[in-house]
Each structure stands twice: as structure tokens, then as C-alpha cells.
Amino acid sequence: MSLDWIASQGGPLRGRIRVPGDKSISHRAVMFAAIAEGTSRITGFLEGEDTRATARVFGQLGVRIEARAPSERIVHGVGLDGLRAPDAPLDCGNAGTGMRLLAGLLAGQKFDSVLVGDESLSKRPMRRVTDPLARMGARIDATGDGLPPLHVHGGAVLRGIDYASPVASAQVKSAVLLAGLYGDGRTRVVEPHPTRDYSERMLRAFGAEIEFAPGEAVVAGRPRLRATDVDVPADFSSAAFFIVAAATAPGSDLLIEAVGMNPRRTGLLEALRLMGADIAIESPREQGGEPVADLRVRASRLRGIDVPVALVPDMIDEFPALFAAAACADGLTTVSGAAELRVKESDRIAAMAAGLRTLGIVVDERPDGAMIEGGQARGGDVDSLGDHRIAMSLAVLAQRASGEVRVRDVANVATSFPGFVELAGDAGLRIAPVIPTA
């Protein structure tokens, strides 16, 4: 069903909110618990379509997963070699994380499997994963353009490799490390820039023999993984929309609780602080092996900056929200080194540039980024291209626009942030869902 939003200028954001659980950690928690021995309890699980798709996939692979309460999963692990052959294709929905990590995990199984996805996922490049997996001995067929569906052939003998990844991608790194669990010897991944280390931290918690430092990870093959409980922190990417909204709405004072603060994930925080945002980190602590904290965001006057290239890998999912902040800032914001944005759920550089221009913001689009001149946004009709992060970022910008903004094709927001509109309304944003009549 098609769905649009009408968003318009709201008031200050106040009070306390908690956004849903981290999507990346939720995916990994289900996967690692499934191939561990024993029963794991996951709390804070994101009840989004992407993460539910991953749980359904493991159900097809013979893993019993119970949902005893909202945001909770009980996973009865089957061990490294206990997965069963599925009797139908494994549907990853819109989840690029799910498909890429599953390609690595399934490469070492004795049975064949086919990974499929929705229209958006079916356009996302997979060679960045299938190429290194092939070097390990995996046999994975894709379309001629390297796109899904992926046919993963069973019975391959995998070997550990040293892999210098040409792209800074936690998904690529994690897929290779997962295949490395099934390989002979040790598998080493070196990245051009450090990316989030969710897989490394969680594999260690489940008992894998793994060593890691920023930009490098080494895992030993054939470990015995042991069940463990995982408490998923609130998703920083989901918090990002409220951070930007509160930073740009006059009079705001908003507390966002228990946000995941993995240092490889919080580049947006540093970029916004460079722009002058008033963001305080309160009650820092550890939760399920991950650093978390409460974030207090107060309204401030943002100024344009040259976003440091070193921050790019640590905020790759948050750039649409940054573009919205840049549109509200004084002066010019320059983004470079972010070509990865062109192969997300949409071409996020092009999608955000088009949306900002429609709302009267001057944007000079570049192959690996953009130059954004802050100014007064106006009302208009913008297209999210079915990309959840584009939709939410444009809705946040609409809070500072001079007229109503219609954000089209927003149904996919449910993949990562169920309940976004309701929580946004509670915090002070004005967003109303509209089902198109034509």
C-alpha cells in the first residue's frame, strides 16, 4: 500500500523519549544466537520489518525463535552446523544487512539456498560481498550485474583469507568474518577506514576466537559458539532524526534515552557538534557489551562546515539527517568522500539533493557528496523514493519549512522505525499519514 506524509512546522521538542532498538545489532543478535549452542534471550529487539525478516529466515533454516513479549526474542540455537536446508527462497525483504551477512553465513553450509529481497534490495550491489566470499571458496551466483537474487551453493570448502577490503563497509567485513567461522584457518579483514564493530564485539560475547582493533579483525575458523543474552541498545540512526529536529527547533530541550554510542557509529554527533549543536552525553554506561548514554539535545544555531572525511564511515547511515541539518544551518556545508551513499536503499545523495532543491535549498551535487547552502525551506512535494531514511529526514526538515511538505512513498519507514509518526508527535513534530487516493 502506498503511503505519504503531510509534515509541517512544529513546536519545540521537549520531554524524554526512547527510540526503538538498534537494527544492526538486532540482525546480528538473531544470527549469532541461531548458530550458537543453547538458548539466548534478546531484549530490546527492533520490531521492524527488516529484523523480523531475518528472524523468519532463521525459522526457515530450522531455528526455533519465540516472541514471548514485544521487543523480545528467545532463540534456541542449533550450533554452527545445525541449520537445515530451507524449502523455499529466503526473503530478506528490504534488509541489505540481512542479505549480505546471510551470504557469508550460508556460504559454509552443506545445502543450497536462495536469498531474495524486495524491489529496492534487488537493485543493491552484492559483488562487494560475493567477490571476497568467492576467494574463500564460496560459490554464489547473482544476476549478470551482481544483483540479487543470490543462489548460495552448499558443500563448498571454505578457507581463511587475508582480505583488504576496497570499501569501508561493516556489512562486507561482517559477511567475510561470518564465512570465516566456517573456514579452515584464520580470516583477516583490513578496511580502508574503520567501520562499526558490532559483529566483532558480539562474536566475542558468543565465544568466538576473535581479535580486533579499528580497521582490522581476525577470526579463527570452526569455533564453538555459546548462547548468551543480548540487551539491544536504542538505535543511534533512529535517534539521529530527533537529534537534528531538536537541534534546529527553537526552544527545544529533549532527552533521548539509552542510545547506542558505539564509537564507529556516532560520527553524526561529532559533525553536529562541529556545526555548533548543543548535545550533552549523560549517564554513559555499558549495555550488552555496547556503550550507551542518554543524549540531551537543546536548540542551537547551526553553522555550515566542511564535514571531516575521517567522520564519513562512522556516519554513513546518518547523512540524510545531516543534509537536513545543513539545510537549516547558516552558510555552506560540504560533504565529500561519501560515494557509498549512492548504493544504499536509494541513491541518497541524489534523493536528498532533489528533495532539498524542491524545498528551495541550494545544493551542488558531487559524485561523492554535495555542497549545501543553508536557508529557509519552503513547502512542497518531495519523493522519498521508498527510502526510509530519506523520508524521515525530509519530514524533519519540514518542521522548519514555511509551508506544508508532502513526503511521498514512506511505507518503508516501518522497516527500521515502527511507530515513528506517533513518537514524533509525542515529541512535538507535526507529521500526519495520508493514503493517496490515486
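The values are calculated or read from the model by the stated rules, or taken from the named source; none is laboratory data. Not measured: the values here are computed from a predicted model. Neighbour counts are summed over all protein chains in view; Cβ atoms, including those assigned to glycine, are modelled from backbone coordinates with ideal geometry.
Looking at Thr415 and the list (1) modelled with pLDDT of 95 or more; (2) among the β-branched types (Val, Ile, Thr); (3) buried (at least 20 other Cβ atoms within 10 Å of the Cβ), which single condition is not satisfied?
Status for Thr415: all satisfied but (1).
Take the residues in region 81-99 that are touching a residue at least 60 places away in the same chain (Cβ under 8 Å) and part of a loop (DSSP other than H, G, I, E, B); name whichever of them is farthest from the chain's Cα centre (by Cα).
Filtering region 81-99 for residues that are touching a residue at least 60 places away in the same chain (Cβ under 8 Å) and part of a loop (DSSP other than H, G, I, E, B), the one farthest from the chain's Cα centre (by Cα) comes out as Ala85.
Could you check how many residues of region 321-339 are in contact (Cβ under 8 Å) with a residue 40 or more places away in the chain and hydroxyl-bearing (Ser, Thr, Tyr)? Working first, answer last.
Initially, region 321-339 is screened for residues in contact (Cβ under 8 Å) with a residue 40 or more places away in the chain, giving 321-333.
After this cut, where a residue has to be hydroxyl-bearing (Ser, Thr, Tyr) as well, the list is 333.
Residues flagged as in contact (Cβ under 8 Å) with a residue 40 or more places away in the chain and hydroxyl-bearing (Ser, Thr, Tyr) within region 321-339 amount to 1.
Within region 182-269, which strands (runs of 3 or more DSSP E) (wholly inside it) include 1 or more residues that are farther than 25 Å from Gly137 by Cβ?
Ranges flagged: 210-213, 253-260.
Hey, among the residues in region 107-150 that are under 21 Å from Leu177 (Cβ atoms) and among the charged types (D, E, K, R), which one's surrounded by the fewest Cβ atoms within 10 Å (Cβ to Cβ)?
Lys110
For the structure I just gave you, tell me whether Asp91 is in the same structural domain as Val172 (by TED's automatic domain parsing), buried (at least 16 other Cβ atoms within 10 Å of the Cβ), over 17 Å from Arg226 (Cβ atoms) and acidic (Asp, Glu).
Considered against the rule, which asks whether it is in the same structural domain as Val172 (by TED's automatic domain parsing), buried (at least 16 other Cβ atoms within 10 Å of the Cβ), over 17 Å from Arg226 (Cβ atoms) and acidic (Asp, Glu), Asp91 comes out as yes.
Which condition number does Thr195 fail, the rest of (1) within 29 Å of Pro418 (Cβ to Cβ); (2) among the β-branched types (Val, Ile, Thr); (3) in contact with a strand residue (DSSP E or B) (Cβ under 6 Å, 6 or more places away or on another chain) being met?
(3)
Can you name the residue in region 24-50 that is among the polar types (S, T, N, Q) and at pLDDT 95 or above and, of all such residues, is farthest from the chain's Cα centre (by Cα)?
Thr39
Select, from Gly38, Gly59, the only residue that is in contact (Cβ under 8 Å) with a residue 60 or more places away in the chain, surrounded by fewer than 17 Cβ atoms within 10 Å (Cβ to Cβ), over 30 Å from Ala401 (Cβ atoms) and not polar (S, T, N, Q).
Gly38
I'm trying to understand the selection: among the residues of region 398-427, which are of a type in the set (Gly, Ala, Ser), assigned to a loop (DSSP other than H, G, I, E, B) and under 17 Å from Val19 (Cβ atoms)? Working first, answer last.
Going residue by residue through region 398-427, those that are of a type in the set (Gly, Ala, Ser) are 398, 401-403, 411, 414, 416, 419, 424-425, 427.
Next, only the ones that are assigned to a loop (DSSP other than H, G, I, E, B) stay: 401-403, 416, 419.
Selection gives Ser416, Gly419.
Could you check how many residues of region 364-384 are surrounded by fewer than 20 Cβ atoms within 10 Å (Cβ to Cβ) and aliphatic (A, V, I, L, M)?
1
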